[in-house]
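Let me begin by presenting the structure, written as structure tokens, before commenting on it.
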Amino acid sequence: MAEVHDSQTNLPTRNTSFFNKIRVMVGHAWALREQESPLYMLYSHILTTFCESAGDPLDVDRALGCEPQSSFSAPTGTNFDRRIPDFTVMVAFLHDATVINRFSPSYRSPVLGFWVEVKPLHCDEIWTSDEAYYEAQLGVWSHLEQLNEQGLFAFNHFAGDKFYGMLVLGIYFSVFEYLRPTQSLPPSHSPSQSELRPPPTNSNQARKRPKRKRDDDVTTYLAQTYGEQGMDHAFVKVSRDHPRTLYYCEPILTQGGAVFNPLFRKALRDIMTSRDIDIPFQPSFFTMPTGDYHASEASLEHARQDRDDFIRRQTREEEELKSAVNSDPSIHEEDTSGNYYSSVRPSNTGATRRTRSQSRDDALSEADLEVPFLEDTDDADDNAHSNIEDDMHLGFDLNLDQDIDDNGDDDDDDDDDDDDDDDEAGNVWYSRGRSGR
């Protein structure tokens with residue numbers, strides 16, 4: 001591995017400027033929290049800056065970069081299907097003039113670091129509140145199947161036996177570890193669009209969407225689809241053992257939004273170390289402070305409990321869905337319309353057709369739900385979030401007038417914490433300081 005050169009000791013950005021921008025972007029995303037796209041500004045900035053901290057300036061034959069809207073492709077019969085995560089951190093390599101495309105003999109395929117799926121956090125309370133944290137916990141399991149599916153396609157697109165996916169809701173991140181499924185195909189990049197979809201025989205003929213039958217059981221249809229792809233449908237389903245949770249709903253920022261959570265920095269470092277990416281990292285906002293930081297066992301136990309609760313709810317809903325399908329004979333009728341809407345939704349042919357704006361207004365009205373009540377728990381839950389100091393303030397009010405240390409030293413450990421009763425020597429405990437899950 002190339003050495004870090006003394007001439008490259010810091011990113012050309014001051015702490016004040018960088019984290020003031022971060023807080024502006026957080027405020028922007030919170031104000032538009034019903035949408036996902038405002039979060040892209042925040043996380044493209046963070047991930048790109050992280051990638052800028054990697055690399056040897058005197059030996060540039062590869063680059064760590066953040067690619068938005070990457071296409072993870074996998075074969076489906078004669079065509080290729082794809083999944084598109086929001087961001088992918090990967091290593092790209094320098095190519096000489098003989099490489100004209102990815103089929104060239106000397107082409108070097110990119111190496112996957114990890115991928116990130118970003119989701120909005122629908123909560124009227126500020127994102128550092130207990131209510132927002134609780135909503136983020138609920139959202140993790142609702143979106144995990146999408147992350148699992150992206151992981152399944154990643155194994156068919158990149159080389160490697162262990163991958164990492166990061167799921168972000170608002171300002172909370174979770175990291176999951178994926179192991180290559182036994183049924184996955186060899187890694188293969190997708191062919192060009194011309195190879196995928198040859199033009200119709202009659203050039204004036206419009207391309208039509210292929211028709212398929214509506215299936216009584218959506219789960220069965222998905223299983224058949226993945227079977228045709230040679231992939232494991234069980235990989236996509238959320239189960240107790242898959243994927244492995246490494247970090248669960250941890251805040252990305254701490255100290256009033258002035259620094260990155262050490263757990264976020266450690267997650268990035270651990271991922272890149274595990275992926276064995278041969279790129280040095282320069283000192284930056286992402287450098288780990290001194291101390292032993294890790295996700296607490298209590299936090300991971302909460303993740304297991306929440307996952308079990310989600311699986312029970314999902315199983316109950318699937319049983320209710322099957323019962324509804326079996327009790328309605330009209331659902332079993334064959335569909336020849338080419339319509340891709342689920343047959344589980346009852347037809348309403350006699351109803352007056354509604355406009356798009358009317359449907360939108362109804363949906364917005366129905367979405368106006370109250371935040372679930374957050375019950376107070378005992379003190380054992382207060383330290384369930386992570387292992388960082390209680391006095392390290394998490395909540396921040398986006399006040400850009402507050403001071404941020406320009407020296408880049410956000411490690412303020414004074415080693416004078418006399419009331420630390422942690423039985424794990426060397427651990428620096430860092431709790432969210434929340435009264436409930």
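Which of the residues spanning the range 314-330 are in a helix (DSSP H, G or I) and surrounded by 12 or more Cβ atoms within 10 Å (Cβ to Cβ)? Walk me through how you get there before you give the answer.
If we filter the range 314-330 for residues that are in a helix (DSSP H, G or I), which is where we start, we get 314-327, 329-330.
Once the filter is applied, which keeps residues that are in a helix (DSSP H, G or I) and surrounded by 12 or more Cβ atoms within 10 Å (Cβ to Cβ), the range 314-330 yields GLN314, GLU318, LEU321, LYS322, ALA324, VAL325, ASN326.
With the condition kept exactly as written, say whether any residue in the range 86-105 is closer than 30 Å to PHE310 by Cα and part of a loop (DSSP other than H, G, I, E, B). Walk me through it before giving the result.
Here is the first cut: in the range 86-105, the ones closer than 30 Å to PHE310 by Cα are 86-89.
Retained after the next criterion (residues that are part of a loop (DSSP other than H, G, I, E, B)): 86.
Looking through the range 86-105, at least one residue is closer than 30 Å to PHE310 by Cα and part of a loop (DSSP other than H, G, I, E, B).
Among the listed residues GLY139, GLY113, identify the single one that is closer than 23 Å to ASP59 by Cα, surrounded by 21 or more Cβ atoms within 10 Å (Cβ to Cβ) and at pLDDT 90 or above. Even if it seems obvious, please write down each step before you answer.
On the way: GLY139 fails: closer than 23 Å to ASP59 by Cα.
GLY113 is the lone residue from the list that is closer than 23 Å to ASP59 by Cα, surrounded by 21 or more Cβ atoms within 10 Å (Cβ to Cβ) and at pLDDT 90 or above.
Considering every residue within the range 91-107, establish whether at least one is surrounded by 20 or more Cβ atoms within 10 Å (Cβ to Cβ) and either over 17 Å from the mean Cα position of the chain (by Cα) or modelled with pLDDT of 95 or more (or both).
Filtering the range 91-107 for residues surrounded by 20 or more Cβ atoms within 10 Å (Cβ to Cβ) gives 91.
Applying the additional criterion that residues be either over 17 Å from the mean Cα position of the chain (by Cα) or modelled with pLDDT of 95 or more (or both) yields 91.
So far as the range 91-107 goes, yes, one or more of its residues are surrounded by 20 or more Cβ atoms within 10 Å (Cβ to Cβ) and either over 17 Å from the mean Cα position of the chain (by Cα) or modelled with pLDDT of 95 or more (or both).
Quick one: what pairs do we get from the range 260-277, first residue of a type in the set (Ser, Thr, Tyr), second surrounded by fewer than 21 Cβ atoms within 10 Å (Cβ to Cβ), C-beta under 7 Å, 6+ apart or different chains?
Once the first residue is of a type in the set (Ser, Thr, Tyr) and sits in the range 260-277, its partners that are surrounded by fewer than 21 Cβ atoms within 10 Å (Cβ to Cβ) give SER274/LYS162.
Does PRO329 count as modelled with pLDDT under 90, touching an Asp or Glu at 6+ places or on another chain (Cβ under 8 Å) and of a type outside the set (D, E, K, R)?
Numbers: modelled with pLDDT under 90: yes; touching an Asp or Glu at 6+ places or on another chain (Cβ under 8 Å): no; of a type outside the set (D, E, K, R): yes.
The answer is no for PRO329.
Inside the range 125-177, can you point out the residues that are outside any helix (DSSP H, G or I) and out of contact with any helix residue (DSSP H, G or I) (no Cβ under 8 Å at 6 or more places or on another chain)?
Step one: list which residues in the range 125-177 are outside any helix (DSSP H, G or I), which gives 125-129, 156-177.
THR128, SER129, ASN156, HIS157, PHE158, ALA159, GLY160, ASP161, GLU177, listed by residue number.
Scan the range 142-155 residue by residue and report those that are in contact with a Gly (Cβ under 7 Å, 6 or more places away or on another chain) and either surrounded by fewer than 21 Cβ atoms within 10 Å (Cβ to Cβ) or of a type in the set (Gly, Ala, Ser) (or both). If you could, list the steps in order and put the result at the bottom.
Initially, the range 142-155 is screened for residues in contact with a Gly (Cβ under 7 Å, 6 or more places away or on another chain), giving 147, 150-151.
Once the filter is applied, which keeps residues that are in contact with a Gly (Cβ under 7 Å, 6 or more places away or on another chain) and either surrounded by fewer than 21 Cβ atoms within 10 Å (Cβ to Cβ) or of a type in the set (Gly, Ala, Ser) (or both), the range 142-155 yields only GLY151.
Just to confirm my filter: which helices (runs of 4 or more DSSP H) fall fully inside the range 200-279 and include at least 1 residues that are modelled with pLDDT of 80 or more? Steps first, answer last, please.
Details: elements: 218-228, 233-236, 262-274.
Where helices (runs of 4 or more DSSP H) fall fully within the range 200-279 and carry at least 1 residues being modelled with pLDDT of 80 or more, they are 262-274.
Residues of the range 295-326 being in contact with a Ser or Thr (Cβ under 8 Å, 6 or more places away or on another chain) and either under 30 Å from PRO251 (Cβ atoms) or modelled with pLDDT of 90 or more (or both), which ones?
ALA295, SER296, SER299, LEU300, ALA303, ARG304, ARG307, PHE310, ILE311
Please name all residue pairs, on different chains or six or more residues apart, with Cβ atoms under 7 Å, provided the first residue is in the range 292-310 and is within 21 Å of GLU135 (Cβ to Cβ) and surrounded by fewer than 19 Cβ atoms within 10 Å (Cβ to Cβ) and the second residue is at pLDDT 90 or above and among the polar types (S, T, N, Q).
Note: pairs meeting the criteria are LEU300/THR245; ASP306/GLN137.
If you go through the range 98-146 one residue at a time, how many are over 15 Å from VAL175 (Cα atoms), acidic (Asp, Glu) and touching a Leu at 6+ places or on another chain (Cβ under 9 Å)?
3
The values are calculated or read from the model by the stated rules, or taken from the named source; none is laboratory data. Being a predicted model, the structure only gives us computed values, none of them experimental. For neighbour counting, all protein chains shown are included, and Cβ atoms are generated from backbone atoms with ideal geometry for every residue, glycine included.
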